[in-house]
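Remarks on the structure that follows.
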Ligand SMILES: Cc1cc2nc3c(=O)[nH]c(=O)nc-3n(C[C@H](O)[C@H](O)[C@H](O)COP(=O)(O)OP(=O)(O)OC[C@H]3O[C@@H](n4cnc5c(N)ncnc54)[C@H](O)[C@@H]3O)c2cc1C
């Protein structure tokens, strides 16, 4: 861990002169930062954003751009899906737990329709096309899909399935370069600029500045190695992202993802968490991680996923991020995908955003026994799994893991297996504990005066589980709250 003295708050009396001043200083210009800036400006504050890199964007601009929204958004209704805030809340409480912040989930679900309308009003376009096949993202520019396993076991028995992965419309989409995330960020950054939000780039937060009463009144930063002090009359909003790239924090709090950061950026070095911790801020769910299984869901759904002992452990038609968590957290990062030749050929015919992963299986064999030998599994293990699966699959059923009938087909021969051991990666979901107004809470439970936070620097709506879109979702939603509260100086 970096020298703790370097993140200790600085007394305002130690600042000889302020280089920059504003009512609200927002640190980090990704999704949480841009939403905070817009709302703070609209609430009447003079807003200054400090960003470490050379422009707006953060992980958000590189992302797939899913925003998890529901409860009956205009897009859901237009595409014929019924949903209510209560239905959404039942799903999220089950899928993002255990141990979700119930007040936050309730608040988020109740505000979700309005939040969608707000994004649209601020220039974010959504294509009125639904993508209904398995995948991490739609293959083209479709605007809505299931993104959390809502229509798979066990959740389809807990809440009425509704797709809630809303994607900003990108016509000439390029994976990891120009996706929905870019189309989400660009109009929001333009809106902020029109509202007069000032931006300073290449400025890197180092410490918070507090007055004699312990109120946060500014930040100490560095630009090109030189110190820079920015004064915040009403409040500081931390929006610096997660700690996925801070090795020692990952080692301490979320060791299962050591060495496997994914869907994140190197700027997510935990600084926002540490400077607030140094002021006594409380933390939540530091062990929670999003985890992706790096495989094409169109292929996975047509086979069976087995662990290191050759046994099934999760339904293959669920959200692939849920499979990733199950593999990494519960199966020692050991997984193989077993698929027969016919099913593999059918999978390769489909559209997918991950068709670049369509390579030949690691092992192919004429019989199950031969495959077992190739994979060095104890004799009989895979045979037993496949016989059991097939005995029910012949009747279109999966009574153990409840894969939907449309995907249940006996595994035939010849067949192959993909070695997916270690094919997982992800980012951290834990962080500062905040209230519904995005005020950073002290370990005593009271808000730290003048300090607000949103995005992955905080623990948002996810406590353990994940659904695609929750990060941009709670980052934008509570970014807005942070902007309003900071502008009011609450
Ligand atoms: C390829 C990819 C795909 C993804 N897909 C999705 C998806 O579809 N849906 C979803 O919900 N999430 C997705 N994510 C995750 C999501 O993008 C992030 O979790 C989200 O952007 C977090 O929001 P944030 O505002 O906290 O951080 P960011 O959007 O990363 O913004 C943080 C900003 O703070 C800046 N910063 C950091 N440190 C400092 C400092 N010391 N001083 C000043 N500035 C600093 C950073 O440079 C950055 O610009 C994806 C991410 C990637 C990379």
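The values are calculated or read from the model by the stated rules, or taken from the named source; none is laboratory data. Keep in mind the model is a prediction, meaning the values are calculated, not measured. Ideal geometry is used to build each Cβ from the backbone, glycine not excepted, and the neighbour counts take in all protein chains shown.
Name the residues in the stretch 399-415 that are at negative phi and out of contact with any helix residue (DSSP H, G or I) (no Cβ under 7 Å at 6 or more places or on another chain), would you?
If the condition is that a residue be at negative phi and out of contact with any helix residue (DSSP H, G or I) (no Cβ under 7 Å at 6 or more places or on another chain), then 400, 401, 403, 404, 405, 406, 407 are the ones that fit.
Residue-wise test of (1) in the same structural domain as residue 285 (by TED's automatic domain parsing); (2) not in a loop (DSSP other than H, G, I, E, B).
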{"site": "388", "(1), (2)": "no, yes"}
{"site": "395", "(1), (2)": "no, no"}
{"site": "441", "(1), (2)": "yes, yes"}
{"site": "452", "(1), (2)": "yes, yes"}
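Considering only the stretch 40-83, state which residues are within 9 Å of the ligand (Cβ to nearest atom) and part of a loop (DSSP other than H, G, I, E, B).
If the condition is that a residue be within 9 Å of the ligand (Cβ to nearest atom) and part of a loop (DSSP other than H, G, I, E, B), then 51, 52, 53, 55, 56, 57, 63, 64, 65 are the ones that fit.
Please pick out the residue among 451, 436 that is in contact with a helix residue (DSSP H, G or I) (Cβ under 7 Å, 6 or more places away or on another chain), within 16 Å of the ligand (Cβ to nearest atom) and at pLDDT 95 or above.
From the options 451, 436, the qualifying one is 451.
Condition first: part of a helix (DSSP H, G or I) and crowded, with 17+ Cβ neighbours inside 10 Å. Now tell me which residues in the stretch 159-200 satisfy that. Give the derivation first.
Residues of the stretch 159-200 part of a helix (DSSP H, G or I): 180-194.
Result: 180, 181, 182, 183, 184, 185, 186, 187, 188, 189, 191, 192.
Any idea which of 24, 34 is within 16 Å of the ligand (Cβ to nearest atom), surrounded by 24 or more Cβ atoms within 10 Å (Cβ to Cβ), part of a strand (DSSP E or B) and at pLDDT 95 or above? Explain how you work it out, then say what you get.
On the way: 34 fails: part of a strand (DSSP E or B).
Result of the check over 24, 34: 24.
Looking at (1) at pLDDT 95 or above; (2) over 21 Å from residue 324 (Cα atoms), find the lone condition where residue 490 falls short.
It fails just one condition, (1).
Can you give me the number of residues within the stretch 392-420 that are crowded, with 16+ Cβ neighbours inside 10 Å and either closer than 23 Å to residue 468 by Cα or touching a residue at least 40 places away in the same chain (Cβ under 8 Å) (or both)?
Counting residues in the stretch 392-420 that are crowded, with 16+ Cβ neighbours inside 10 Å and either closer than 23 Å to residue 468 by Cα or touching a residue at least 40 places away in the same chain (Cβ under 8 Å) (or both) gives 13.
Among the residues of the stretch 237-276, which ones are more than 21 Å from residue 441 (Cβ to Cβ), in contact (Cβ under 8 Å) with a residue 40 or more places away in the chain and within 10 Å of the ligand (Cβ to nearest atom)?
244, 261, 262, 263, 264, 265, 267, 268
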